[in-house]
Amino acid sequence: MKPTSQLLALALLGPLAARAQMAAPASLTVQVNKPGAAVNKNMYGLFFEDINFAADGGLYPELVKNKSFEIDPGLIGWKALGGGFNLDAYAVRNEQGISASNAHYLRLTTRSGATGEAGIENEGFRGMGVKAGEAYNLSLYARRGAGSISGLTAVLVGAKGEVLAQAPVTGFGEGWQQYKAVLKPTATQNKAHLKLVLTGQGTVDVDVISLFPQDTWNHRPNGLRTDLVQLLKDMQPGFLRFPGGCIVEGRTLSERYQWKETIGDVASRSPLINRWNMEFRHRSTPDYYQSFGLGFFEYFQLAEDIGAEPLPILNVGMACQFNSGELAPMGTASTAKGPNASGATPATGDPSLDIFIQDALDLVEFANGPASSPWGAKRVAMGHPAPFNLKYLGVGNEQWGPQYLERYEPFAKAVKAKYPQMQIVSSAGPSPDGELFDKASKRLGELKAEYVDEHYYAKPEWFRENVGRYDKYARGGPKIFAGEYAAQSVAIGSPDNKNTWDCAISEAAFMTGLERNADVVGMASYAPLFANVDAWQWTPDMIWFDNLNSYGSPSYYVQKLYALNKGTRVLPVTMPAGAKNGADNLFASAVADEPTGEVVLKLVNYSSSPRPVAISLAGAKGLGKTGRAQVMASADLQTQNSLQEPKKLAPQASTFAVKGATVSYTLAPNSFTVLRVPAKK
């Protein structure tokens with residue numbers, strides 16, 4: 001009887017299997033008795049950027065768009081019922097708002113003698129995804145004016161206007177007060193809307209209108225979307241890099257991400273237009289903004305939930321160089337003012353680099369400081385007495401040139417002076433080669449940077465051709481953080497890029513080089529992480545979703561296989577006849593998993609033919625007789641997953657025979673295979 005792995009291979013290969021069995025196997029040697037560098041336990045992680053509706057409209061499950069009317073123009077997401085025929089007034093105002101940080105609200109005045117519905121409707125984020133029988137918390141602030149408006153009816157309606165749920169909200173008074181209700185839809189809808197229908201006639205002011213699912217990750221009131229967090233947790237990621245990406249920089253410094261504006265009371269967080277809303281004219285999203293309901297506290301909490309090290313990236317005093325390239329002056333500018341009582345940078349004057357540095361020092365205190373410290377007290381007040389144990393800090397996102405280097409140096413020096421154990425991630429720019437890259441890499445090495453962040457977006461063949469990239473890097477210098485990479489099926493930034501198997505298998509091949517050089521490469525993450533199928537600005541992306549469902553791309557499963565099989569120590573691999581890794585489109589790496597005693601092999605066959613391999617495990621002792629395999633394979637390199645077929649291409653499990661210290665295995669065409677060879681217990 002053939003071992004299970006051979007039966008699986010035959011099923012995958014069909015008539016090609018016989019040809020494979022006739023071909024001479026490629027001989028590989030894994031030197032189990034010569035273990036090399038340790039693999040960082042945080043090697044494979046996640047890069048989160050608020051692009052593609054990844055936060056609002058995605059991971060952050062608030063269903064109401066522009067709930068506080070703070071977005072300019074203030075009625076984004078809203079419209080008057082019946083075209084406003086039954087309203088005399090329908091306008092955003094800011095006299096005597098709820099608070100200074102939430103000054104805007106909506107004033108509604110019904111038309112005298114009107115008989116139809118008077119009120120407003122919110123479209124959500126390309127609709128609202130609601131599930132039958134689930135509970136959704138409605139809350140709003142209201143203030144009654146002249147007339148007899150005593151309340152309203154909240155109504156969830158489906159795509160055809162059908163009523164899915166409704167609940168009365170009553171008792172409006174003359175001052176601002178919060179009101180609550182619960183809506184339970186009778187049917188599941190992906191594109192529902194929320195209507196607020198006024199009861200009575202007159203004037204009423206409304207603000208901070210929220211519809212939030214009770215079913216959130218860990219059932220938190222301001223929690224995250226469960227299916228998306230589960231996909232992340234299933235990867236067992238080593239780190240979570242956040243919040244970006246280019247939104248860290250902003251198109252201008254005034255639009256930069258300021259973490260201090262994203263903590264504290266959710267209703268008091270001031271939203272900001274997202275940098276990606278108009279970056280690509282072919283995919284413009286003028287309604288794209290950041291509510292900051294998902295802020296730095298929630299990012300730290302998410303990292304803790306999924307078992308990942310938090311890796312925040314902070315602005316280094318530079319706006320995005322693809323946009324304005326605005327620079328903060330070095331040192332203390334004469335016009336600059338320090339943070340105010342809330343920690344926010346005043347709008348007047350140019351913020352100096354010192355302010356950006358202080359923000360970084362305050363962030364470490366917020367994450368790690370005791371309750372007796374000013375910023376540690378803010379964390380404790382938000383419900384997390386224990387520190388988040390922040391160990392990594394990114395200085396700048398993707399900056400380049402002398403302007404970055406001259407700002408990085410005092411920034412890093414100040415952080416290390418106060419927190420010498422902090423591991424700092426620096427930037428080598430957006431390109432993996434060229435004069436600017438070379439100069440940055442050289443200077444950061446001279447400055448003894450712990451990590452240098454390298455990014456590469458390129459065609460699939462680049463990844464296969466550069467599998468030996470880190471073989472040539474000098475040992476003993478900064479560690480490499482492969483912070484952003486993804487194969488582009490068409491071209492960088494093209495709207496026609498797809499998450500094909502060709503892209504994913506090429507990434508898998510490249511990652512054998514990352515693993516093999518774990519003494520140089522310390523961390524790696526695919527980018528971007530999330531994309532809404534109806535609201536993306538950049539593709540490809542690792543995880544796709546609509547308002548109710550989600551799926552991992554083939555690249556997601558490649559990343560997951562590496563993360564779940566990273567092992568603890570590199571094992572040298574000798575390719576057939578001394579060939580280089582990647583010769584004849586065969587790629588391989590191996591690690592020892594010391595806690596389990598297993599040898600773990602990663603094998604990529606980028607070929608339309610099956611490939612038999614004979615793997616010698618040199619020096620191995622006490623091996624078991626049956627190993628486990630995870631295989632991703634498709635004869636069609638253009639295969640993709642989708643909402644309709646979420647696991648069209650996903651790992652398939654099987655077993656295989658181990659005879660002595662030798663493994664014979666047939667790799668399917670166009671396949672990525674992970675083999676785990678156990679030791680006897």
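The values are calculated or read from the model by the stated rules, or taken from the named source; none is laboratory data. Computed from a predicted structure; not experimentally measured. Virtual Cβ from ideal backbone geometry, glycine too; neighbours counted across all protein chains shown.
In the set A650, A657, A661, only one residue is within 23 Å of Q559 (Cβ to Cβ), surrounded by fewer than 21 Cβ atoms within 10 Å (Cβ to Cβ) and not basic (K, R); that residue is A650. Residues in the range 144-181 that are outside any loop (DSSP other than H, G, I, E, B) and of a type in the set (A, V, I, L, M): A146, L152, A154, V155, L156, V157, V163, L164, A165, A167, V169, A181. Residue pairs, Cβ under 7 Å, 6 or more apart or interchain, first in the range 347-369 and in the same structural domain as A328 (by TED's automatic domain parsing) and over 12 Å from V395 (Cα atoms), second modelled with pLDDT under 95 and among the polar types (S, T, N, Q). List them. Qualifying pairs under 7 Å: G349/T335; D350/T335; P351/T345; S352/T332; D354/T332; I355/T345. Where helices (runs of 4 or more DSSP H) sit wholly within the range 388-497, those with at least 3 residues that are under 30 Å from T539 (Cβ atoms) and free of Cβ contacts under 8 Å to residues at least 40 places away in the same chain occupy 435-446.
Of all residues assigned to the range 78-97, at least one qualifies as being closer than 30 Å to V533 by Cβ, surrounded by 14 or more Cβ atoms within 10 Å (Cβ to Cβ), of a type outside the set (K, R) and within 30 Å of the chain's Cα centre (by Cα). May I ask you to verify whether Y141 is in contact with a helix residue (DSSP H, G or I) (Cβ under 7 Å, 6 or more places away or on another chain), part of a strand (DSSP E or B) and among the hydroxyl-bearing types (S, T, Y)? For Y141, the condition - in contact with a helix residue (DSSP H, G or I) (Cβ under 7 Å, 6 or more places away or on another chain), part of a strand (DSSP E or B) and among the hydroxyl-bearing types (S, T, Y) - is not met. Among the candidates P402, P385, P374, which residue alone is surrounded by fewer than 16 Cβ atoms within 10 Å (Cβ to Cβ) and within 19 Å of Q301 (Cα to Cα)? The unique qualifying residue is P385. Residues considered: Q630, Q644. Of these, the only one that is modelled with pLDDT of 95 or more, out of contact with any Ser or Thr (no Cβ under 6 Å at 6 or more places or on another chain), under 21 Å from K566 (Cβ atoms) and of a type outside the set (K, R) is Q630. The sole residue among I76, I51 that is touching a Pro at 6+ places or on another chain (Cβ under 6 Å), closer than 14 Å to Y289 by Cβ and not small (G, A, S) is I51. Quick check on my filter: what residues within the range 554-582 are surrounded by fewer than 24 Cβ atoms within 10 Å (Cβ to Cβ), part of a loop (DSSP other than H, G, I, E, B) and among the small types (G, A, S)? Matches in the range 554-582: A579, G582.
Restricting attention to the range 229-267, which residues are charged (D, E, K, R) and free of Cβ contacts under 8 Å to residues at least 40 places away in the same chain? Answer for the range 229-267, where residues must be charged (D, E, K, R) and free of Cβ contacts under 8 Å to residues at least 40 places away in the same chain: just D265. Would you pick out the residues in the range 33-59 that are within 21 Å of N397 (Cβ to Cβ), of a type outside the set (D, E, K, R) and assigned to a strand (DSSP E or B)? Passing the criteria: Y44, L46, F47.
Inside the range 228-254, can you point out the residues that are crowded, with 18+ Cβ neighbours inside 10 Å and either outside the structural domain of S555 (by TED's automatic domain parsing) or not in a loop (DSSP other than H, G, I, E, B) (or both)? If the condition is that a residue be crowded, with 18+ Cβ neighbours inside 10 Å and either outside the structural domain of S555 (by TED's automatic domain parsing) or not in a loop (DSSP other than H, G, I, E, B) (or both), then L228, V229, L231, L232, F239, L240, R241, F242, C246, I247, V248, L253 are the ones that fit. Residue under question is L643, and the condition is that it be surrounded by fewer than 16 Cβ atoms within 10 Å (Cβ to Cβ) and of a type outside the set (D, E); does it hold? Considered against the rule, which asks whether it is surrounded by fewer than 16 Cβ atoms within 10 Å (Cβ to Cβ) and of a type outside the set (D, E), L643 comes out as yes.
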